[in-house]
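Handing you this structure, nothing more for now.
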Amino acid sequence: MIIDFTHSYKDYNEILYFYGVWDYKCPNPGCRAKQHPMRRHARYERSLVLWDADAGCLKEERMEILRLKCCSCASTHAVLTMDIIPFFVYSIQAFLALLSQCMAEKNSVPRTGEKNGVSCQLLYRFVLIFHEYAEKLLLFLRLEALWESERKPPESRLLLLLYGKSPPWPQSCFFQKYRSPLFLHRKSTVAYPLRFGGGMP
């Protein structure tokens, strides 16, 4: 899987209809090519739930995703953008916006679910994922010099700090440090090992 941090879902067509020379590196660790020529392989459709900041609500988009094939090792890789969480239908912005509402006050998960038409079960899953990432996020924010106190910030404050800079931050910097996308939540990778690469065409 390749994540292009120079594009968002809004300009995915620039990736979809690019017919020049791809400059992505093959994520396959077994690929021994010094250069990684890629060619167009296939497309598939997926849904992406986004957060419309102007309207203050969720919206769903259907989009085509391009798959590339490495001419050296023949592995295939989907090209995602900085706002897509792999294997997850909700974008990072939608994920953070819903979490912010859930953590605005105690017992606000049911109200957030009712307001946005989202199940409480899904929102509790969001909270669980965020808790699993909390320690790593705190270290990341300290490395980025955005939190210098020895004390842990409240979760609501931690969320606000993730809005501290313009995109592609924090996704691109988090990926560079951990070689994994932000909020990736896939437990079983035995049958299908996850390999990620970042880059730009």
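The values are calculated or read from the model by the stated rules, or taken from the named source; none is laboratory data. Bear in mind the structure is a predicted one, so any value in this text is a computation, not a measurement. Cβ: placed from backbone, ideal geometry, glycine included. Neighbour counts: every protein chain shown. Heavy atoms of the whole protein, side chains included, go into the accessibility calculation; ligands, DNA and RNA do not. Shrake-Rupley method; radii C 1.70, N 1.55, O 1.52, S 1.80 Å.
Of the residues that make up region 2-23, is at least one in contact with a Phe, Trp or Tyr (Cβ under 6 Å, 6 or more places away or on another chain) and either within 21 Å of Trp169 (Cα to Cα) or outside any loop (DSSP other than H, G, I, E, B) (or both)?
Applying the first criterion (in contact with a Phe, Trp or Tyr (Cβ under 6 Å, 6 or more places away or on another chain)) to region 2-23 yields 2.
Applying the additional criterion that residues be either within 21 Å of Trp169 (Cα to Cα) or outside any loop (DSSP other than H, G, I, E, B) (or both) yields 2.
Among the residues of region 2-23, at least one is in contact with a Phe, Trp or Tyr (Cβ under 6 Å, 6 or more places away or on another chain) and either within 21 Å of Trp169 (Cα to Cα) or outside any loop (DSSP other than H, G, I, E, B) (or both), which makes the answer yes.
Give me the residue from region 158-180 that is among the polar types (S, T, N, Q) and surrounded by fewer than 15 Cβ atoms within 10 Å (Cβ to Cβ) and, out of that set, nearest to the chain's Cα centre (by Cα). Write out each step before concluding.
Kept after step one, since they are among the polar types (S, T, N, Q), are these residues of region 158-180: 166, 171-172, 176, 180.
Among the residues that remain, those that are also surrounded by fewer than 15 Cβ atoms within 10 Å (Cβ to Cβ) are: 166, 176, 180.
On the way: Ser166: 15, Gln176: 13, Ser180: 9 Å.
Ranking the candidates gives Ser180 first.
Search region 157-185 for residues being among the basic types (Lys, Arg) and part of a loop (DSSP other than H, G, I, E, B), and hand back the single one that is modelled with the lowest pLDDT. I'd like the intermediate steps shown before the answer.
Just the residues of region 157-185 that are among the basic types (Lys, Arg), to begin with: 157, 165, 177, 179.
Okay, now just the ones that are also part of a loop (DSSP other than H, G, I, E, B), so 165, 179.
On the way: Lys165: 84, Arg179: 88.
That would be Lys165.
Now a separate question. If you take the residues of region 31-58 that are part of a strand (DSSP E or B) and acidic (Asp, Glu), which of them is farthest from Phe95 (Cα to Cα)?
The first filter runs over region 31-58 and keeps only residues part of a strand (DSSP E or B), leaving 38-52, 57-58.
After this cut, where a residue has to be acidic (Asp, Glu) as well, the list is 45, 52.
Numbers: Glu45: 21, Asp52: 12 Å.
So the residue we want is Glu45.
For the subset of region 123-156 comprising residues that are part of a helix (DSSP H, G or I) and modelled with pLDDT under 90, which member is most open to solvent (accessible area, probe 1.4 Å)? Please lay out each step first, then the result.
Initially, region 123-156 is screened for residues part of a helix (DSSP H, G or I), giving 123-143, 155-156.
Applying the additional criterion that residues be modelled with pLDDT under 90 yields 155-156.
Numbers: Glu155: 74, Ser156: 59 Å².
Among those that are part of a helix (DSSP H, G or I) and modelled with pLDDT under 90, it is Glu155.
Restricting to region 144-160, count the residues that are among the hydrophobic types (A, V, I, L, M, F, W, C) and within 24 Å of Leu80 (Cβ to Cβ). Don't jump to the end; show me each part of the working.
Going through region 144-160, the residues among the hydrophobic types (A, V, I, L, M, F, W, C) turn out to be 145-147, 158-160.
Among the residues that remain, those that are also within 24 Å of Leu80 (Cβ to Cβ) are: 159.
Of the residues in that region, 1 qualify.
Within region 186-201, which residues are crowded, with 16+ Cβ neighbours inside 10 Å, out of contact with any Cys (no Cβ under 8 Å at 6 or more places or on another chain) and modelled with pLDDT of 55 or more? Break it down into steps so the answer makes sense when it comes.
Initial filter on region 186-201 (crowded, with 16+ Cβ neighbours inside 10 Å): 195-199, 201.
Next cut, out of contact with any Cys (no Cβ under 8 Å at 6 or more places or on another chain) only: 195-196, 198-199, 201.
Once the filter is applied, which keeps residues that are crowded, with 16+ Cβ neighbours inside 10 Å, out of contact with any Cys (no Cβ under 8 Å at 6 or more places or on another chain) and modelled with pLDDT of 55 or more, region 186-201 yields Arg195, Phe196, Gly198, Gly199.
Looking only at region 63-122, which residues are farther than 23 Å from Leu194 by Cβ, free of Cβ contacts under 8 Å to residues at least 24 places away in the same chain and not in a helix (DSSP H, G or I)?
Selection gives Glu105, Lys106, Asn107, Ser108, Ser119.
For residues that are over 17 Å from Ser91 (Cα atoms), open to solvent by 20 Å² or more (accessible area, probe 1.4 Å) and touching a strand residue (DSSP E or B) at 6+ places or on another chain (Cβ under 7 Å), tally how many sit in region 1-30.
Applying the first criterion (over 17 Å from Ser91 (Cα atoms)) to region 1-30 yields 13-30.
Going one step further and asking which of them are open to solvent by 20 Å² or more (accessible area, probe 1.4 Å), we end up with 13-14, 17-21, 23, 25, 28-30.
With the extra rule that they be touching a strand residue (DSSP E or B) at 6+ places or on another chain (Cβ under 7 Å), the set shrinks to 23, 25, 28.
The number of residues fulfilling the criteria is 3.
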